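First up is the structure itself, then whatever we jot down about it.
The values are calculated or read from the model by the stated rules, or taken from the named source; none is laboratory data. Since the model is a prediction, treat every value here as computed from it, not as a measurement. Heads up, the Cβs are rebuilt from the backbone with ideal geometry, glycines too, and the neighbour counts pull from every protein chain shown.
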Amino acid sequence: MSQTTREHKNQLWTDRITSWQQSGLSQRAYCEQHQLVLGTFVYWRSRLKKLKTGDLADKPSFLPVTIKQKNHDSLTLLINGRHRLEIRSDFDSDFLTRIVHAVQKTA
């Protein structure tokens, strides 16, 4: 998901949560009135609350990683059984960091 799409969804749900708070309705009644799925509403309310307090940004996210070393010249990381990274002994650590962050966003 692109940053623009993510920002758009965050703003859309921020507006919906604000509208609900001002309505005086229960979550269920608001969702029924606006044809929203209650579970989705509850999810976004929680997510936006965590984003506001910084809980989501500060917590590292970990992926299951299988490490198989074939020889001492390189290391192969298999992430989620789908992503394979071969790391040679002369790797660029900054580049590896960028790759891991990119994989985390898509996994």
Quiz item: Can you tell me which residues in region 50-99 are aromatic (Phe, Trp, Tyr) and at pLDDT 75 or above?
Solution: Phe91, Phe95
Practice problem: Under 6 Å between Cβ atoms, at least 6 apart or on separate chains: pull out the pairs that start in region 65-86 with a residue that is over 16 Å from His101 (Cα atoms) and end on any residue that is among the acidic types (Asp, Glu) and at pLDDT below 70. | Solution: none
Quiz item: If you check Gln21, Gln11, which single one turns out to be farther than 30 Å from Gln104 by Cα and either out of contact with any Lys or Arg (no Cβ under 6 Å at 6 or more places or on another chain) or hydrophobic (A, V, I, L, M, F, W, C) (or both)?
Solution: Gln21
Quiz prompt | Looking only at region 1-48, and only at residues there that are of a type in the set (A, V, I, L, M) and part of a helix (DSSP H, G or I), the one that is surrounded by the fewest Cβ atoms within 10 Å (Cβ to Cβ) | solution = Leu12
